[in-house]
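The values are calculated or read from the model by the stated rules, or taken from the named source; none is laboratory data. These numbers were taken from a predicted model, which means no experiment stands behind them. Positions of Cβ are backbone-derived with ideal geometry, glycine not excepted, and every protein chain shown enters the neighbour counts. Side chains included, ligands, DNA and RNA excluded: accessible areas come from the protein's heavy atoms. Shrake-Rupley method; radii C 1.70, N 1.55, O 1.52, S 1.80 Å.
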Amino acid sequence: MSVEDCRLVNLPKYSDDRGSLSFVEGGRHIPFDIRRVYYLYDMPVDAERGAHGHLALEQLIVPISGAFDIILDDGTRKKVVHLDNPAQGLYVCPMMWRNLCNFTSDAVVLVFASLPYDEADYFRDYNDFIKAAVKS
Ligand code: TYD
């Protein structure tokens with residue numbers, strides 16, 4: 001997989017004088033069924049999260065509040081994506097190293113995932129990831 005396979009997804013947005021509403025449907029806005037949802041919050045502004053890759057997991061990462069950067073790395077190329085719009089998410093394909101950083105103090109990260117949590121799906125070591133990414 002390549003960083004080019006990771007793309008911004010524009011989500012529906014219904015706004016009126018009461019505020020805005022966005023939603024995500026698996027198989028419609030993202031190319032997978034949603035099996036898990038998790039969220040990151042209370043990050044110190046100098047925190048770095050992620051720093052891992054996944055063998056099979058697909059994700060949609062949505063900046064529900066605030067802003068942050070995602071650095072994608074497919075083993076050959078890197079791409080930095082700034083997320084700050086709750087009506088737009090980043091689809092992250094399998095075999096992609098990712099770092100999340102530069103969180104604003106109000107940042108909340110919502111993640112829709114294609115699989116239940118499974119530590120066996122993680123690459124926690126960058127060198128192991130690179131070896132596997134070069135082969136794939
Ligand atoms: P981790 O994936 O390392 O977080 P991040 O990528 O944001 O830095 O997960 C942190 C801890 O939370 C780790 O011990 C595993 C646990 N965890 C679950 O139990 N279930 C989950 O769905 C997730 C995402 C993490």
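Some points to look at:
- Placing R0 at 30 angstrom, the Cβ-Cβ distance between SER105 and GLU25 gives a FRET efficiency of 0.45 after rounding to 0.05.
- Nearest-0.05 FRET efficiency for ASP17 and LYS78, computed from C-beta distance (R0 35 Å): 0.25
- At q = 0.10, 0.14 Å⁻¹ the log10 of I(q)/I(0) for the chain amounts to -0.32, -0.62, computed by Debye summation with a single uniform scatterer per C-alpha, solvent ignored.
- Electrostatic dipole magnitude of the chain [Cβ: Lys, Arg +1; Asp, Glu -1; Cα centre; debye, to 20]: 300 debye
- 5 angstrom amide H check on HIS54, placed H, neighbours 5+ away: MET95, MET96, PHE123
- Label-point separation in nm, TYR38 to SER65, each point 7 Å along Cα→Cβ: 2.0 nm
- Helix-only [θ]222 nm of the chain, DSSP H runs n ≥ 4, -39500 (n - 2.57) each, per residue, nearest 500: -2000 deg cm²/dmol
- Mean Cα-pair separation over length for segment 1-92, i.e. relative contact order, pairs under 8 Å, 6 or more apart, %: 38 percent
- Degrees separating the helix 126-135 axis from the principal Cα axis of the chain, which is the longest one: 80 degrees
- Modelled FRET efficiency - R0 22 Å, ARG124 with VAL45, Cβ distances, 0.05 increments: 0.35
- Carbon plus sulfur fraction of accessible area for the chain, probe 1.4 Å, in percent: 50 percent
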